[in-house]
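Enquirer: Quick one: the structure is below, questions incoming.
The values are calculated or read from the model by the stated rules, or taken from the named source; none is laboratory data. Because the structure is predicted, anything quoted here is derived from the model rather than measured. Cβ coordinates were reconstructed from backbone atoms using ideal geometry, including for glycine residues, and neighbour counts include every protein chain displayed.
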Protein chains: 4
Amino acid sequence: MTDTGVEPAWRWPEDQWRAAVNTVRAGRSLRPKKWKGGARLAVALAFELDHETLELARGGTSPSGFALGQYGARQGVPRLLRILRKHAVPATFFVPAVSALLHPDESRALVSAGHEIGLHSWCHEGLEGMDQEAERNLIAGARHALEKLAGVAPVGYRAASADFSAHTLSILRDLGILYDASFAADDDPYELLGAGEASGIVEVPCHPVRNDATHFGGASPLSPDAVFEIYRRELEATYDEGGLFAPTFHPHLVGPRSRIWIVDELLKIARTLPGVWFATHTDVALWAKAKGG
Amino acid sequence: MTDTGVEPAWRWPEDQWRAAVNTVRAGRSLRPKKWKGGARLAVALAFELDHETLELARGGTSPSGFALGQYGARQGVPRLLRILRKHAVPATFFVPAVSALLHPDESRALVSAGHEIGLHSWCHEGLEGMDQEAERNLIAGARHALEKLAGVAPVGYRAASADFSAHTLSILRDLGILYDASFAADDDPYELLGAGEASGIVEVPCHPVRNDATHFGGASPLSPDAVFEIYRRELEATYDEGGLFAPTFHPHLVGPRSRIWIVDELLKIARTLPGVWFATHTDVALWAKAKGG
Amino acid sequence: MTDTGVEPAWRWPEDQWRAAVNTVRAGRSLRPKKWKGGARLAVALAFELDHETLELARGGTSPSGFALGQYGARQGVPRLLRILRKHAVPATFFVPAVSALLHPDESRALVSAGHEIGLHSWCHEGLEGMDQEAERNLIAGARHALEKLAGVAPVGYRAASADFSAHTLSILRDLGILYDASFAADDDPYELLGAGEASGIVEVPCHPVRNDATHFGGASPLSPDAVFEIYRRELEATYDEGGLFAPTFHPHLVGPRSRIWIVDELLKIARTLPGVWFATHTDVALWAKAKGG
Amino acid sequence: MTDTGVEPAWRWPEDQWRAAVNTVRAGRSLRPKKWKGGARLAVALAFELDHETLELARGGTSPSGFALGQYGARQGVPRLLRILRKHAVPATFFVPAVSALLHPDESRALVSAGHEIGLHSWCHEGLEGMDQEAERNLIAGARHALEKLAGVAPVGYRAASADFSAHTLSILRDLGILYDASFAADDDPYELLGAGEASGIVEVPCHPVRNDATHFGGASPLSPDAVFEIYRRELEATYDEGGLFAPTFHPHLVGPRSRIWIVDELLKIARTLPGVWFATHTDVALWAKAKGG
């Protein structure tokens, strides 16, 4: 075997595994001493509005799969918006273009409520094996579609498959993207390196432990009480350390009545703590870029 | 690739993914302002009496698989009927025709206790790739068998695979079915659309979060205490919001002595709340059709 | 497709699915009004001493797999024997012949402590697709080996794969077996039917909900506290109803120090209840055969 | 079938399954009456610093996979070192050579803080099917690389795949390795046998129940509270019995803020108990070799 995709790295020469590791990598920390207004904790919520695109991305046409996705749009998002409004907290919504085209009123409602919309693929496509031109066209098309719907061009990106191709970083730079939110190399912001060089792009990390898909998305979902405890511990320990609490939720997963209280309760706790800054991912990225490190 | 079954939708033209999403879809909400008698909460329990058909549906002849199914009939259903009688609560039992033919006394006992029997396939067949004539014959045969056993023709349907084929909706309309209970696009009733057109069929939703197969049916079943907390939260949050609490249980899963108390305890809680209407799925569908939206 | 192993049963004629379901099936209940001495609850513990045979049965030679099995023999069984002695409780150990041959002192220690040894395959072989002569030779060989080691011929059987072949029942009858403990069609004892005919063999059921392999044996083992709650609920609800509490444990699964207390604590609870009969599976089968139904 | 790799052992002659079981096996117990200083409990923490090698070992080049590994190095290890320093507890770090080469400052920091570094493969390679020369070169190369970085040659070994090939034991003996920490045949130290003969190598066992990969590494991670309870029970029961408490953690798994407290809290409990010896794996192996059995 010589294909790096299948040959285990103990057979590779050193420069090959070093190059692989360095393709896209965490660089210097951009964690600031203080967040805006002197806050010790930044809270930046992320929601992925995948809706029907999860079914579509696997080439599926299952009415049952679509219905689960539609649940996110019919019940999940409205419940989340009510909670955000109640606590007066801004958030970032990563939206595949096809989700936005299927639910145009939703995107407009998010923007008019003061939330941020970020790029999240055209139709939840994975990038593995995709050629550069196709990937560039899909991201550019998605940005165009979101800008048209929301009236403002997105400046943040989260890969739908939680992974980059070999081309993604340079495409994002060409598009002038401010930040990415796909990786888990740290809890706090850092600069992305491409082939060992500073990319200028801020990473606002997205760790599986703070992603509800880890806990609710598999074959054996955890109980909501257990999941709440995980997020509560993340929130409180981040407050103690000072840092960024950036959890990710999916409206079709956290949306049910037995789970939606988790988001409400977390914000209730965060609202009682002194010195907390509630921000979008763009706010965090700009602050980290200016004051971090 | 051009087969829509395997090509991911980011390669599809827009009209193709729009058509796929619209094949069977949630239409206008049929959630009423109040339930019958001014109730704020409707409780409509669903039980799926799969029994030996889960093993048969995979073409299996395992005595161990049949025994697990038979457990549902020998211990699960009698325990459930005792609990329903104790709390004087009606319920809907979705019964594959082969289950009913293997356990004819069971179907008669359900009807004589005032419960509803709904369609749930001939022998738990999945519908994917089935031709229209075969599917129509199986559903029609199942309806005939249940009517003969129970003395009344079922008017409700739940797909055994929790999914429709491209033909299911029109078959259900031809059969004069009142409601379907297969989809998860909402918590409360809505109207099913077929290719974007109102179908006249009420959807009484069945969400995985309220289905015991999600929590007990996989390789790592949750503890009964954790599962109870999920249902208790669903019940109480639905009471707070006003709406429909329609959980699904399987007698072979919830039947064991360490789990059966979950159903008992939920009904005990619901019985203490003022303004609760205990109804079959047919009751709910008729009320939603008349007063919902 | 015409092979009954792969064609789903919705294509089968009625006599075919009826015959499949009736091959081995639960017959009349043998639950007695009272257990020996007027007890309301019978407690009959089962342990499966698979040891190295799980690795061998898959044709494996992994030292790591063998070590996990050996853990059952080195730590699991001695801890279990200490707990059984402390509470003066007899139990049934289902032992593959190869386990017994690899650990001959263990079998002798079990017998000298007053416990029962039951058949559990030659080397944890599954029976699917095995021809009748091979299966008969393996079971007869296993009985011979256990009798030689333990000084008494086993009269009980648990299939290693938790399943019968089409020949197993008649082989067990030819061998004069008193009871089987492989199936989950009930919580309490019943008579096994073969092709619809009473077999004379008592079934002492083995339900997955009371098998520690369900909770500890998969990729995501439950916490010991959650598992204890499941068994405690089974025990207490069986006491309330009157019946048989027959849990199954594997020494390599329940043996670790963080889990072994579950067995101790269950027996402590059972010892405090009035009217409990602690019995081997043979004791239960004989009583059920004489007084049940 | 005649290949022992695939033919189930019920078809093997007795000498074949006996030889397979005896290839590498637990021999006499080396559990001492007392640990150093008369302690009843030895606490020996193990950490596996897999970092980017998990992704590399599967021949992968996923930036997302590398980021998860890098998280272990950026956040996991520093947090663990702070906790170890706070409680003044030594530990053993099993480090694949490629991890050490990618993070050379980390290895030096571990050594300068007084911790032990053990062998853990070249690049997390599994050993199944590897020829003897390749395996010998990889282990020897890894030892050389670690010695060069850390200034001291490692004397302990943990297989990356938690398993030995048919050659591993003799390679370890040729290299003069003191102890292995790959197997789960016991909770307390024992001597490894090779083909039934004493090898002189001490086994410091590594049981899945004390490995955070079992609880956090799969598709459905447990809640941190449940995982803590497992370790707390292991620790306290080992203290009661007297013995070795040797848990294994991975910095990328236990590193997040919602989980890292588990290690802190365990050490806090252990620090309050009288008669506890905190030791590296080498300390334990030397004591067991001298005083055990």
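Enquirer: Under 9 Å by Cβ, and 6 or more places apart or on different chains, what pairs join a residue from segment B:220-237 that is touching a residue at least 12 places away in the same chain (Cβ under 8 Å) and within 8 Å of chain A (Cβ to nearest Cβ) with one that is assigned to a helix (DSSP H, G or I) and among the aromatic types (Phe, Trp, Tyr)?
Expert: Sorted first by the residue in segment B:220-237, then by its partner, the pairs are B:227/B:216.
Enquirer: Could I ask something else about it? State whether the residues of segment A:77-96 include one that is surrounded by fewer than 17 Cβ atoms within 10 Å (Cβ to Cβ) and under 25 Å from residue B:183 (Cβ atoms).
Expert: yes
Enquirer: I'd like the full set of residues that are in contact with a Leu (Cβ under 9 Å, 6 or more places away or on another chain), more than 10 Å from every other protein chain (Cβ to nearest Cβ) and farther than 18 Å from residue B:220 by Cα, limited to segment B:252-267.
Expert: Hits for segment B:252-267 are B:263, B:266, B:267.
Enquirer: Considering only residues that are free of Cβ contacts under 8 Å to residues at least 60 places away in the same chain and farther than 15 Å from residue A:102 by Cβ, look in segment A:142-156 and name the one that is surrounded by the most Cβ atoms within 10 Å (Cβ to Cβ).
Expert: A:154
Enquirer: State which residue is surrounded by the fewest Cβ atoms within 10 Å (Cβ to Cβ) when the search covers only segment A:276-290 and only residues that are more than 18 Å from the chain's Cα centre (by Cα) and under 25 Å from residue D:255 (Cβ atoms).
Expert: Step by step, filter segment A:276-290, then rank; the result is A:277.
Enquirer: Follow-up. Which of the residues that make up segment B:98-126 are of a type in the set (A, V, I, L, M, F, W, C) and touching a Lys or Arg at 6+ places or on another chain (Cβ under 8 Å)? Explain how you work it out, then say what you get.
Expert: Let us first name the residues in segment B:98-126 that are of a type in the set (A, V, I, L, M, F, W, C), namely B:98, B:100-102, B:109-111, B:113, B:117, B:119, B:122-123.
Across segment B:98-126, the qualifying residues are B:102, B:113, B:119.
Residues are listed down the side, and each one gets a yes or a no for (1) farther than 26 Å from residue D:95 by Cα; (2) of a type in the set (D, E, K, R); (3) in contact with a Ser or Thr (Cβ under 7 Å, 6 or more places away or on another chain):
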residue: D:229; (1), (2), (3): yes, yes, yes
residue: D:233; (1), (2), (3): yes, yes, yes
residue: D:236; (1), (2), (3): yes, yes, no
residue: D:240; (1), (2), (3): yes, yes, no
residue: D:250; (1), (2), (3): no, no, no
residue: D:257; (1), (2), (3): no, yes, yes
residue: D:263; (1), (2), (3): no, no, no
residue: D:266; (1), (2), (3): no, no, no
residue: D:269; (1), (2), (3): yes, no, no
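Enquirer: Give me the residue from segment B:181-200 that is hydrophobic (A, V, I, L, M, F, W, C) and surrounded by 20 or more Cβ atoms within 10 Å (Cβ to Cβ) and, out of that set, farthest from the other protein chains (Cβ to nearest Cβ).
Expert: B:181
Enquirer: Scanning segment A:230-247 for residues that are surrounded by fewer than 22 Cβ atoms within 10 Å (Cβ to Cβ) and of a type outside the set (Gly, Ala, Ser), which turns out nearest to residue B:188 (Cα to Cα)?
Expert: So the residue we want is A:232.
Enquirer: Scan segment B:63-85 residue by residue and report those that are touching a residue at least 40 places away in the same chain (Cβ under 8 Å) and touching a Lys or Arg at 6+ places or on another chain (Cβ under 9 Å).
Expert: Within segment B:63-85, B:75, B:79 qualify.
Enquirer: Still on this model: Which is over 30 Å from residue C:286 (Cβ atoms) and more than 14 Å from chain B (Cβ to nearest Cβ), of C:47, C:66?
Expert: C:66
Enquirer: Just checking, does segment B:29-50 include any residue being surrounded by fewer than 19 Cβ atoms within 10 Å (Cβ to Cβ) and within 20 Å of the chain's Cα centre (by Cα)? Write out each step before concluding.
Expert: Of segment B:29-50, the ones surrounded by fewer than 19 Cβ atoms within 10 Å (Cβ to Cβ) are B:29, B:33-34, B:36-38, B:40.
Filter once more, keeping what is within 20 Å of the chain's Cα centre (by Cα): B:29.
Scanning segment B:29-50, I find at least one residue that is surrounded by fewer than 19 Cβ atoms within 10 Å (Cβ to Cβ) and within 20 Å of the chain's Cα centre (by Cα), so the answer is yes.
Enquirer: Given the options D:257, D:210, name the one that is basic (Lys, Arg), more than 23 Å from residue C:255 (Cα to Cα) and free of Cβ contacts under 8 Å to residues at least 60 places away in the same chain.
Expert: Within the list D:257, D:210, the selection yields D:257.
Enquirer: If we keep just the residues of segment A:1-23 that are within 7 Å of chain D (Cβ to nearest Cβ) and part of a loop (DSSP other than H, G, I, E, B), which is modelled with the highest pLDDT?
Expert: Let us first name the residues in segment A:1-23 that are within 7 Å of chain D (Cβ to nearest Cβ), namely A:4-10, A:17, A:20-21, A:23.
Now drop any that are not part of a loop (DSSP other than H, G, I, E, B), which leaves A:4-8, A:23.
Details: A:4: 44, A:5: 50, A:6: 76, A:7: 89, A:8: 91, A:23: 96.
My answer is A:23.
Enquirer: On to the next question. Restricting the search to segment D:46-72, which residues are farther than 19 Å from residue A:205 by Cβ and assigned to a helix (DSSP H, G or I)?
Expert: Answer for segment D:46-72, where residues must be farther than 19 Å from residue A:205 by Cβ and assigned to a helix (DSSP H, G or I): D:53, D:56, D:57.
Enquirer: Restricting the search to segment D:114-154, which residues are part of a loop (DSSP other than H, G, I, E, B) and touching a strand residue (DSSP E or B) at 6+ places or on another chain (Cβ under 7 Å)?
Expert: Matches in segment D:114-154: D:115, D:120, D:154.
Enquirer: Filter segment D:161-180 down to the residues that are within 12 Å of chain C (Cβ to nearest Cβ), in a loop (DSSP other than H, G, I, E, B) and aliphatic (A, V, I, L, M) and list them by number.
Expert: If the condition is that a residue be within 12 Å of chain C (Cβ to nearest Cβ), in a loop (DSSP other than H, G, I, E, B) and aliphatic (A, V, I, L, M), then D:162, D:166 are the ones that fit.
Enquirer: Please tell me if residue B:129 is more than 10 Å from every other protein chain (Cβ to nearest Cβ), surrounded by fewer than 22 Cβ atoms within 10 Å (Cβ to Cβ), more than 19 Å from the chain's Cα centre (by Cα) and closer than 22 Å to residue B:285 by Cβ.
Expert: Judged against the criteria, residue B:129 is not a match.
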